[in-house]
Amino acid sequence: MSSSTRRTVLAAIGTVTVLTAATACSSGGSGSSAPSAGPAKGTITWYANQFGPTGTDVRKTLITAFEKANPGITVKLEQAPSDSDAFRSALTTQISGGSSGFDVYNGDVVWPAQFGKAGLALPLDKYLPASYWKGFSSGLVDSVTYNGQKMAAPLFTDNAFLFYRKDLLTKAHLPVPTTWEQLQSEAQTLQKDGAVKYGFAGQFDSYEGLTCDFTEFEADAGGQSVNTAGTKSTIDSPAATKALSYMRGLITSKVAPNAVTSFQEQQSESLFTSGQVAFLRNWTYAYADSNSASSSKVAGKVGIATLPTFAGQQGPGYSATGGWNLYVNPHTKNLGASVAFVKWMTSTVAQKIIATQGGEIPSNAAALADPGVQAANPAYPIAAKNKLRARPSNVAAYSQVSQGIYSNVNAALTGSASPQSALSAANKAIDQALGQGGL
């Protein structure tokens, strides 16, 4: 999800018993292969923007629980800017200037490579063993890896889902689609029957959100925009052509409105909640919004499922990885306590708090699979089934690479370029960005 448009998931909040332990537990086991980061005691500062419901501050709940489990460590909370661009600018200025004013900080899911190359984040591999990283939901560790090093630990995630009009599907005796081809066919059936004006809406505007949408379609077709090493564009491929041709076909077939090429999250959701769309691709919060009796015309009529995939592919479709990570300031004066904090914050105990009180999808696989956690939000059981695919954030020039993707993909969607020519142009733009590098 685009960091500038990310919204908090308002989960059903229940009473949570905060579990404590004599020592901090990692999500993937303690292990013994990683060298010590030093004594886990003293005071550290956590530089973090607020997440979760605005009426409470789950960060303070987490700090209290951590300090109880780690009596030798005190955590000071420093408020970070709520705007992601301002936050990123503040981090860049302070850390590049050698500041040790904070020890651990929150950061967007697309920052690991950028911050890793610029020396703004401490690689965590040597301080957290291999067993630790196995505790995260599949696909998340890829999103924090740069040049083979893990530059952050996933704090919480956001996923994309398929939201659908369950009332319309029931009336038409149609199943929830599991392939994109099936979705298009069912959408056309509902439109032909006069049940709904449009079949599908997503985020097809020329902006970061389109990089997310295209990443999912491309992954479903078996492709990716940049190679695993982050050195070369691979977007000009048969898989990407299939994905982009399908997306364009949604528009030319009138399943999606022509205006979808200017839709971001809000516009696509508004069309859905007004009752004009059968299927919506959007982020977790759209479920609560669409079922809000005060603002949605389809409240109580909306279902949630994993995104479809293309026919012939196994399992559900891919979701682009969203969310936020925990990074360690390379200038920290208290590395041992900082690593202990990161380790505890990604443990099952902390992640249950993040899920049930913070309303965010936990990054810890065991926490996400917990029945109590899954009962807190209808999206969580679906998220546990999701296949995650990181945007090409394994490159330091991610912003330029993303622009090369969304600007050219949008050109094909509007019809000003063919899918083939758009992907050729995107290929050149990405390779040029990779050659330049930088933040």
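The values are calculated or read from the model by the stated rules, or taken from the named source; none is laboratory data. Everything numeric in this text was worked out from a predicted model, so none of it was measured. We place every Cβ from the backbone using ideal geometry, glycine too, and count neighbours over all the protein chains shown.
Selection of the range 299-321 for residues being under 25 Å from Ser274 (Cβ atoms) and of a type in the set (Val, Ile, Thr) yields Val302, Ile304, Thr306. Looking at Val196, is it more than 18 Å from Leu250 (Cβ to Cβ) and modelled with pLDDT of 95 or more? In short, no. When residues in the range 126-141 are screened for being in contact with a strand residue (DSSP E or B) (Cβ under 8 Å, 6 or more places away or on another chain) and not aliphatic (A, V, I, L, M), 6 of them pass. Counting just the residues of the range 176-207 that are assigned to a loop (DSSP other than H, G, I, E, B) and over 27 Å from the mean Cα position of the chain (by Cα), which one comes out surrounded by the fewest Cβ atoms within 10 Å (Cβ to Cβ)? Here the answer is Gly194. Residue check: Phe279 meets all listed conditions (1) aromatic (Phe, Trp, Tyr); (2) farther than 16 Å from Glu216 by Cβ; (3) crowded, with 24+ Cβ neighbours inside 10 Å but one, namely (2). Looking only at residues of the range 214-239 that are part of a helix (DSSP H, G or I) and touching a Phe, Trp or Tyr at 6+ places or on another chain (Cβ under 8 Å), we find that the one that is farthest from Tyr198 (Cα to Cα) is Ala219.
Output the helices (runs of 4 or more DSSP H) that fall wholly within the range 284-368 and possess 1 or more residues being among the basic types (Lys, Arg) and touching a Ser or Thr at 6+ places or on another chain (Cβ under 8 Å), or say none.
335-345
When restricted to residues that are among the hydroxyl-bearing types (Ser, Thr, Tyr), closer than 16 Å to Ile354 by Cα and part of a strand (DSSP E or B), the range 126-160 contains 1. Flag not set for Ala239, criterion: over 20 Å from the mean Cα position of the chain (by Cα), surrounded by fewer than 19 Cβ atoms within 10 Å (Cβ to Cβ), at pLDDT below 95 and farther than 24 Å from Tyr380 by Cβ. The set of residues in the range 199-218 that are small (Gly, Ala, Ser) and under 13 Å from Ile405 (Cβ atoms) comprises Ser206, Gly209. Can you run down the residue pairs with Cβ atoms below 7 Å, 6 or more apart or on separate chains, where the first is in the range 33-53 and within 17 Å of Thr74 (Cα to Cα) and hydroxyl-bearing (Ser, Thr, Tyr) and the partner is modelled with pLDDT of 95 or more and crowded, with 20+ Cβ neighbours inside 10 Å? Sorted first by the residue in the range 33-53, then by its partner, the pairs are Thr45/Phe102; Thr45/Asp103; Tyr47/Ala80; Tyr47/Phe102; Tyr47/Tyr105. Filter the range 82-100 down to the residues that are at pLDDT below 95 and either loosely packed, with under 13 Cβ neighbours inside 10 Å or assigned to a loop (DSSP other than H, G, I, E, B) (or both) and list them by number. Of everything in the range 82-100, those that are at pLDDT below 95 and either loosely packed, with under 13 Cβ neighbours inside 10 Å or assigned to a loop (DSSP other than H, G, I, E, B) (or both) turn out to be Ser82, Asp83, Asp85, Ser99, Ser100.
For the range 317-324, indicate whether the set of residues that are buried (at least 23 other Cβ atoms within 10 Å of the Cβ), closer than 30 Å to Ser131 by Cβ, more than 21 Å from the chain's Cα centre (by Cα) and among the β-branched types (Val, Ile, Thr) is non-empty. No, there is no match, as no residue in the range 317-324 is buried (at least 23 other Cβ atoms within 10 Å of the Cβ), closer than 30 Å to Ser131 by Cβ, more than 21 Å from the chain's Cα centre (by Cα) and among the β-branched types (Val, Ile, Thr).
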